[in-house]
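Since the structure comes first, as structure tokens, the remarks are kept for the end.
Read the figures in this text as sums done on the coordinates, not as results from a lab. Since the structure is predicted, the reported quantities are computational estimates derived from the model, not experimental observations. With ideal geometry, Cβ positions are generated from the backbone for all residues, glycine too; neighbour counts draw on all protein chains shown.
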Amino acid sequence: MSEGSKGSSLAFGQVVIGPPGSGKTTYCHGMQEFMGRIGRKVTVVNLDPANEAMPYQCAVDIAELITLPDVMENLKLGPNGGLIYCMEYLEANFDWLQEKLAAFRGHYYLFDCPGQVELYTHHNALKNVFTQLAKWNFRLAAVHLVDSHYCTDPGKFISVLCTSLSTMLHVELPHVNVLSKMDLIEQYGKLAFNLDYYTEVLDLSYLVDHLASDPFFRNYRRLNEKLVEVIEDYSLVSFVPLNVQDKESMRQVMQAVDKANGYSFGDQEQRSLEALMSAAVGADFHFTSTLAVQEKYVQSQDKAVEEVMDL
């Protein structure tokens, strides 16, 4: 994997990013097991220096190079400043990363990244790491995880959309936004609209109107309208729902990522012509799968009324 080497074979993988607690490590564990069962050789690379308890089999661990507790103790930095320092240190030691990755040539890579939002929205260290990996013939897709229960709060959902859009523009990789923990989506409240409204990010003016019913957000209607205009003008953000414990859900996410990083067009696995054509023309309609997810995890209003009547 020498830099700029055109003769070396392509390597495919995912960089798993997102805010703290969004399920990145759990996702890497689940995807490693899922892909292993379908015959892929998967290598998980931990790039989170604060990640001490890893449930997956970790082939490359940044802890061998640097750890967050050591940085915080020796440089007297807080957790946020320490993470930024760790990523800058990794950026300055590309040779270590290249040597470690070279031992797993021919594998599919999962990069478990830190859970600090500014690393993906405006700081350049991790972005430069991804750029360097591309020079080593890695074909990567960013999998951006966010908690699905944010959909139940219109204000938080708009914030998630802004963060997702900012991350997409800054990281500059093929991007798959994922609503994680779908089994907990209504833990903190009910959805105001059908699930496909949130996954496809449909007409957000309805969301602004819904926000205006709250006396607090009514004062910020113009601000919310402008934020929504920015999101809709770019028209880039959409989501794939995910429950790591659901095989069909994992398959849907894997297919979306394979199309994003180009793996579905390679010859690593036997594929049907129908699957290739679907990926080529983008004809994998998500409405049916989203409807199935809604029926499985989102309680309908009629069912809720029936349960209240039974009580």
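Points worth noting:
- Our coupling estimate for the range 208-216, obtained by passing each phi through the Karplus curve with A = 6.51, B = -1.76, C = 1.60 and θ = phi - 60°, is 5, 4, 5, 5, 5, 6, 8, x, 5 Hz, Gly and Pro reported as x.
- Close amide H pairs (under 5 Å, H built 1.01 Å from N) link V240 with N177, V178, L179, residues at least 5 positions away or on another chain.
- By definition, a body whose alpha carbon gyration tensor gives a ≥ b ≥ c is oblate when a/c is 1.5 or more and a/b is not larger than b/c, and the range 7-46 fits this oblate description.
- The stretch between L202 and L77, if pulled fully straight at 0.36 nm per residue, gains 40.8 nm over its current Cα-Cα span.
- Shape class of the range 155-261 from the Cα gyration tensor (axes a ≥ b ≥ c, square roots of the eigenvalues): oblate, since a/c reaches 1.5 or more and a/b does not exceed b/c.
- Its residue count N fixes a reference of 2.2 N^0.38 Å for the range 16-158, and the Cα radius of gyration divided by that reference is 1.07.
- Ellipsoid semi-axes for the range 110-161, based on the Cα gyration tensor and the rule √(5λ), read 27, 12, 8 Å when sorted largest first.
- Extension gain from M35 to K296, taking 0.36 nm per residue of separation minus the Cα-Cα distance: 91.6 nm
- Cα→Cβ-extended label distance, 7 Å offset, between A53 and E172, nm: 3.8
- Model label points for A103 and L65, set 7 angstrom from Cα along the Cα-to-Cβ axis, are 1.4 nm apart.
- Potential lengthening of the chain between L236 and D209 amounts to 7.5 nm, from the contour at 0.36 nm per residue minus the alpha-carbon distance.
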